[in-house]
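Note sheet for the following structure.
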Amino acid sequence: MNSDTRETIRKVLLFILTILITLVFFLPLLWVVMSSFKTRLDLFAIPPKWIFTPTLENYIGILESDFKQQLLNSLIIAAFSTVYSVTLGSLAAYGFSRYPPKSGNFILFWILSLRMLPVIAVVVPFYLVFRALGLLDTHLALVLVYSIFNISFTIWLLKGFFDEIPLEFEEAAKLEGYSPFEVFSRVSLPLTRPGLAAAAMFCLIQSLNEFLIALALTTRVAETAPVGLAKLQTFLGTDWGRISAAATLFMIPVVFFTILIRNELIRGMSFGQLKG
Amino acid sequence: MTSIRLENVHVNFGKTEVLRDISLEVADGELCVIVGPSGCGKTVTLRAISGLTRPSRGHVYFDDNVIDHVAPGDRNVGMAFQTYALYPNMTVRENWEFPLRAAKRQEELIQERVGQVTGLLDMGPLLNRYPRELSGGQQQRVALGRALVRRPQVFLLDEPMGNLDAKLRVELRASLRKLQMDLGVTTVYVTHDQVDAQALGDKIVVMDVGSVQQVGTPEQIYETPANLFVAGFIGTPRMNFLDGTLKQENGNLVVEHPLFKMDLPEEVVGRLADNARDRKVVMGVRPESIGVSTHPGPQTIPGKIYVCEPQSNEVIIEIELEEEVHLKVRVGRDALGFEPYIDQLVQVQIDPDTLHFFDSVTGVRLS
Ligand SMILES: Nc1ncnc2c1ncn2[C@@H]1O[C@H](COP(=O)(O)OP(=O)(O)OP(=O)(O)O)[C@@H](O)[C@H]1O
Ligand SMILES: [Mg+2]
């Protein structure tokens, strides 16, 4: 057996393995998407039906309910929190990397510890604070809370990326007459694109998924999709078809965003692999 | 235009003093070459001139103005970094346009300048490549181009040609020199390459462990090295050093070595300082000023060939006079007149005119 065939066999085996692993992770998703198109009868058929006549009845049902507004709320809150976190986070991370304050490590640890805080410990204080501010059940409240958590993570992630950038890139630009902010925005920031992508993705998913705080701080106007989804499980029974439809709709923006930034994301996941 | 002056510049990194009292002047339009062993502070000197590193003591002047507090971007210097520091997310063309865009130049001017540099550095087919897609020498040319494209008052070039092949280096050296003279840009050029230094420099600065050892024209540095370090650093192979004693004998000054004794001619004696009598010295003799023959003559020293390194049109022969006493000799193949082989017995001829004398304790040149 020459090395070419061996190489081919290796590749094929690896490919099959990859497919298998992907399937394992993908199956639940597939189940949800399929369920969303099933009638109540098909849904509980045993053995499960792989082939069935799809129906849009679940989608129509869910879109006529409050869920449409909740989905919109989720997206608005997540988008604002992400933009806000990544913008502020990258500026702060750059500051920590290039102009480290005296007790920089302590401050950094303190910032990160915000992220490690169990959410349940802060729900009540947040509730009291926002009640005092009169911000209960507003989008702003959730944007602020999510940003607190996301910024801390973003700073940590991006500081690593900025640390990797050789100082001389910036010095060269400085010599060429660029102002400190231009050096940041035109030289360093573009080099952290993979990091920005990873941070944005992370912030988005965190904000979309968050449940406990949203449950505590919102009642109607700013209620988010995860809370809405949970409320579909009533004591009258659970409408799995509608839940599946809602979950599918909920997934679409994340999938879309992931595809959009997938190239940067792959580089971002392999941390600090800053290769031009 | 601009002249550069460093006045007693010290640079410290934490506790270590990297530059110790550097004073240096580069006249307007001059090309000053800095040479010195690795780690002696050449890069840091350039950084002090550019303002990227703040001296802990001393001052930097452009013309007669102190610029200690002028930001690097306002000094109008173009620097080619030793590590290139090319923007990895920009193509060659974008790397070159970037400095021009900072000054918000007209688009036509930008394209014209980029075109000129492209021609000068012979990078035409590579303009749209990213730095990672270039060889080391090509990247180096991009780095050089980025310093040149802006036409600053001062060029600071940190080993801008170390990675180029011999042919390109010679060509580029000539074009760079021409461009520099045409534009009249004051230039500080760091190199390891002695040929570069000799060929380019109006002035050479030899540095060692953070201080200036000698400043002079290429000829001065070669012909009258100020101390043992400069003598040993300039020239390939390096100067031979032998311990000896200067003595007065029958009214003549002689230099005595365990293996030989030489009368010093009038001119040499005249050059030596008055106090250079009866003292231990280090004699220096350049490999290219030693003669080798197979037959003994007046004042020849016997020896044995130890190693023989043929070069293109000359040979470098290492001759053992006695154990631990070796001399390197560089002679043209034609001038040698015989085919040297290892262990061959030969006679070495040293012309006393060509001897350099250094104090055996301080290493300072005696003259
Ligand atoms: N940022 C720094 N922090 C601490 N020490 C430094 C720093 N930069 C340079 N040094 C030290 O200063 C000395 C001079 O460095 P420099 O880079 O000027 O050497 P060089 O002459 O350019 O050498 P080479 O020919 O290898 O480039 C070295 O001993 C180096 O270790
Ligand atoms: Mg250097």
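The values are calculated or read from the model by the stated rules, or taken from the named source; none is laboratory data. No experiment lies behind these values; they were computed from the predicted model shown. Virtual Cβ from ideal backbone geometry, glycine too; neighbours counted across all protein chains shown. For the accessible areas, the whole protein counts, side chains as well, though only heavy atoms, and no ligand, DNA or RNA atoms are used. Shrake-Rupley method; radii C 1.70, N 1.55, O 1.52, S 1.80 Å.
Please give, to one decimal in nm, the separation of the simple spin-label points placed at A:A132 and A:R10, each 7 Å out from Cα toward the Cβ.
About 6.3 nm, to one decimal.
Mind checking which of A:L175, A:V83, A:T8 is farthest towards the positive end of the protein assembly as shown's charge dipole, using Cβ charges of +1 (Lys, Arg) and -1 (Asp, Glu) about the Cα centre?
A:V83
Pick from A:E168, A:E182, A:E264: which is most flexible by mean-square fluctuation in a GNM of chain A where alpha carbon atoms under 10 Å apart are linked?
Evaluated over chain A, the most mobile residue of the options is A:E168.
Express in nm, to one decimal, how much length is gained between B:R271 and B:Q311 on full extension, taking 0.36 nm for each residue of separation and deducting their alpha carbon distance. Let's see the in-between values first.
Values: separation 40, 0.36 × 40 = 14.40 nm, distance 3.44 nm.
Extending this stretch completely gives an extra 11.0 nm.
Please report how many Lys pairs in chain A have alpha carbons closer than 27 angstrom, counting only residues at least 8 apart along the chain or sitting on separate chains.
10
Pick from A:L30, A:L41, A:L75: which is most flexible by mean-square fluctuation in a GNM of chain A where alpha carbon atoms under 10 Å apart are linked?
Evaluated over chain A, the most mobile residue of the options is A:L41.
Under a plain spin-label model, where a point goes 7 Å from the Cα along Cα-to-Cβ, how far apart in nm are A:E182 and B:H192?
If labels sit at A:E182 and B:H192, their model points lie 3.5 nm apart.
Taking Rh as the Kirkwood radius, which is the inverse of the mean 1/r over Cα pairs, what is the Rg/Rh value for the protein assembly as shown?
On the way: Rg = 37.1 Å, Rh = 31.5 Å.
Value, to two decimals: 1.18.
Rounded to the nearest 10 Å², what accessible area does B:C40 have for a 1.4 Å probe in the complete protein model?
Answer for B:C40: close to 0 Å² accessible.
How many times 2.2 N^0.38 Å is the alpha carbon radius of gyration of region B:4-233?
1.00
Quote the FRET efficiency, to the nearest 0.05, computed for B:R57 versus A:F26 with a Förster distance R0 of 56 Å and r equal to the Cβ-Cβ distance.
Working: r = 67 Å, r/R0 = 1.19.
FRET efficiency, B:R57 to A:F26: 0.25.
At 1.4 Å probe size, with every protein chain present, just tell me what the per residue accessible area of chain A comes to in Å².
On the way: 15880 Å² over 276 residues.
Result: 58 Å² of accessible area for each residue.
Given +1 on the Cβ of Lys and Arg, -1 on the Cβ of Asp and Glu, and no further charges, what dipole in debye does region B:240-359 carry about its Cα centre, rounded to the nearest 20? Let's see the in-between values first.
Numbers: 11 positive and 22 negative charges, 28 e Å.
Computed charge dipole of region B:240-359: roughly 140 debye.
Treating only the Cβ atoms of Lys and Arg (+1) and Asp and Glu (-1) as charged, compute the dipole magnitude of region B:4-233 about its Cα centre; round to the nearest 20 debye. It would help to have the intermediate numbers written out before the result.
Values: 25 positive and 28 negative charges, 143 e Å.
Around 680 debye, computed over region B:4-233.
Say we join alpha carbon atoms closer than 10 Å with springs in a Gaussian network model of chain A; which of A:L142, A:L196, A:L43 then has the biggest fluctuation?
Highest fluctuation of the listed residues: A:L43.
For region B:240-359, with the dipole built from +1 on Lys and Arg beta-carbon atoms and -1 on Asp and Glu ones, taken about the Cα centre, which of B:T245, B:N313, B:G297 lies farthest toward the positive end?
Farthest towards the positive end: B:T245.
Give the Rg/Rh ratio for region B:230-367, taking Rg as the radius of gyration of the Cα atoms and Rh as the Kirkwood radius, to two decimals.
Radius of gyration relative to Kirkwood radius: 0.97.
Taking a virtual spin label 7 Å from the Cα of A:F256 along the C-beta vector, which residues in region A:60-74 bring their backbone nitrogen under 17 Å of it?
From region A:60-74, the list is A:63, A:68-74.
Taking DSSP loops as anything outside H, G, I, E and B, show the longest stretch in chain B free of trypsin sites (Lys or Arg not before Pro) there with at most 16 other beta carbons within 10 Å. All intermediate terms of the calculation are to be shown ahead of the outcome.
Numbers: sites that count: B:K15, B:K104, B:R105, B:R129, B:R238, B:R277.
In short, B:130-237.
Which parts of region B:67-104, residue by residue, lose 30 Å² or more of accessible area when the rest of the protein chains are there, as against the chain isolated (1.4 Å probe)?
B:P72, B:G73, B:F81, B:A85, B:Y87, B:P88, B:N89, B:F98, B:A102
Hey, if you put +1 on the Cβ of every Lys and Arg and -1 on every Asp and Glu Cβ in the protein assembly as shown, which of A:T219, B:S50, B:H326 ends up farthest toward the positive end of that dipole?
A:T219
Please compute the net charge surrounding B:R286, taking Lys and Arg as +1 and Asp and Glu as -1 over other residues with Cβ under 13 Å from its Cβ.
Within the 13 Å Cβ shell, the charges total -1.
Say a site is exposed when it is one of the GluC sites (Glu not before Pro), sits in a DSSP loop, and has at most 13 other Cβ atoms within 10 Å; what is then the longest site-free stretch of chain B? Present the calculation step by step, with values, prior to reporting the outcome.
Working: sites that count: B:E323, B:E324.
Of all site-free stretches, the longest is B:1-322.
Angle check, please: helix B:92-102 long axis (alpha carbons) against the longest principal axis of chain B (alpha carbons), in degrees 0 to 90, nearest 10.
Computed tilt is about 70 degrees.
Rounding to the nearest 10 and keeping the result within 0 to 90°, find how far the Cα-based axis of helix B:166-183 lies from the longest principal axis of chain B.
60
Would you work out the charge dipole size for the protein assembly as shown about its Cα centre, treating the Cβ of every Lys and Arg as +1 and the Cβ of every Asp and Glu as -1, and quote it to the nearest 20 debye? Before the final figure, lay out the partial values.
On the way: 59 positive and 68 negative charges, 722 e Å.
The dipole of the protein assembly as shown has a size of about 3460 debye.
In Å², nearest 100, what accessible area do chains A and B bury in total when the solvent probe is 1.4 Å?
Numbers: alone 16790 and 17380 Å², together 32410 Å².
Protein heavy atoms only, the A-B interface buries about 1800 Å².
Taking trypsin sites (Lys or Arg not before Pro) that fall in a DSSP loop and have at most 13 other Cβ atoms within 10 Å as cut points, what is the longest piece of chain A between them?
My reading of the result: A:103-219 is the longest stretch.
Using the eigenvalues of the Cα gyration tensor, what equivalent ellipsoid semi-axes result for region A:50-201 when each is taken as the square root of five times the eigenvalue, whole Å, largest first? Write down the numbers at each step before the final one.
Values: eigenvalues 286, 103, 39 Å².
They are 38, 23, 14 Å, listed from largest to smallest.
Using the alpha carbon gyration tensor of region B:225-295, what are the three equivalent-ellipsoid semi-axes (square root of 5 times each eigenvalue), largest first, in whole Å? Could you put the intermediate results ahead of the total?
Numbers: eigenvalues 95, 56, 25 Å².
In descending order the semi-axes read 22, 17, 11 Å.
Restricting to DSSP loop positions (anything but H, G, I, E, B) with no more than 13 other Cβ atoms inside 10 Å of their own Cβ, which chymotrypsin sites (Phe, Trp or Tyr not before Pro) remain in region B:268-365? Walk me through the numbers on the way to the answer.
Numbers: sites: B:Y306, B:F338, B:Y341, B:F357, B:F358; in loops: B:F338, B:Y341.
Those satisfying the criteria are B:F338, B:Y341.
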